[in-house]
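Encoded as structure tokens, here's the structure I'll be asking about.
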């Protein structure tokens, strides 16, 4: 797959847990309707832009690398063992997402996978 980026850093090189850095202030009360809609139903064949935190610009960058569907991005999330720090870093590198966009998308996939996997 073109643009497939996978990396692994040993836990000793990752620093403190991502939960405090990746999701500061992120709670269910601050999620968007897009987020609630996504995590509330099966993924099916939804576009990558259905993911919370991924708009048209980031979606196009991901599509150009072969990540056209939400389930393809979910696959990357699972390949990275649902590690929020690694996935957020991958998303930033792959799409140019900022920290907030990466955190929102990561939280969306984490909640969806907790509910449906």
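Residue-by-condition table, conditions (1) farther than 21 Å from residue 31 by Cβ; (2) in contact (Cβ under 8 Å) with a residue 60 or more places away in the chain; (3) touching a helix residue (DSSP H, G or I) at 6+ places or on another chain (Cβ under 6 Å):
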{"residue": "47", "(1), (2), (3)": "no, no, no"}
{"residue": "53", "(1), (2), (3)": "no, no, yes"}
{"residue": "81", "(1), (2), (3)": "yes, no, no"}
{"residue": "88", "(1), (2), (3)": "no, yes, yes"}
{"residue": "93", "(1), (2), (3)": "yes, yes, no"}
{"residue": "106", "(1), (2), (3)": "no, yes, yes"}
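Only residues that are surrounded by fewer than 20 Cβ atoms within 10 Å (Cβ to Cβ) and either touching a strand residue (DSSP E or B) at 6+ places or on another chain (Cβ under 8 Å) or in a helix (DSSP H, G or I) (or both): list them for segment 77-88, please.
78, 79 - these are the residues of segment 77-88 that are surrounded by fewer than 20 Cβ atoms within 10 Å (Cβ to Cβ) and either touching a strand residue (DSSP E or B) at 6+ places or on another chain (Cβ under 8 Å) or in a helix (DSSP H, G or I) (or both).
A follow-up question, please. For segment 100-113, indicate whether the set of residues that are over 10 Å from the mean Cα position of the chain (by Cα), surrounded by fewer than 20 Cβ atoms within 10 Å (Cβ to Cβ) and in a loop (DSSP other than H, G, I, E, B) is non-empty.
Kept after step one, since they are over 10 Å from the mean Cα position of the chain (by Cα), are these residues of segment 100-113: 100, 111-113.
From what's left, surrounded by fewer than 20 Cβ atoms within 10 Å (Cβ to Cβ): 100, 111, 113.
Okay, now just the ones that are also in a loop (DSSP other than H, G, I, E, B), so none.
Within segment 100-113 (the criterion being over 10 Å from the mean Cα position of the chain (by Cα), surrounded by fewer than 20 Cβ atoms within 10 Å (Cβ to Cβ) and in a loop (DSSP other than H, G, I, E, B)), the answer is no, since none of the residues qualifies.
Which residues, taken from segment 45-68, are within 12 Å of the chain's Cα centre (by Cα) and outside any helix (DSSP H, G or I)?
51, 52, 53, 54, 67
Give segment 23-44 a look and list any residue that's modelled with pLDDT of 50 or more and in a helix (DSSP H, G or I), or say none.
29, 30, 33, 34, 35, 36, 37, 38, 39
The values are calculated or read from the model by the stated rules, or taken from the named source; none is laboratory data. Everything numeric here is computed off the predicted structure, so don't read it as measured data. Glycine also receives a Cβ, built like all others from the backbone with ideal geometry; neighbour counts cover every protein chain displayed.
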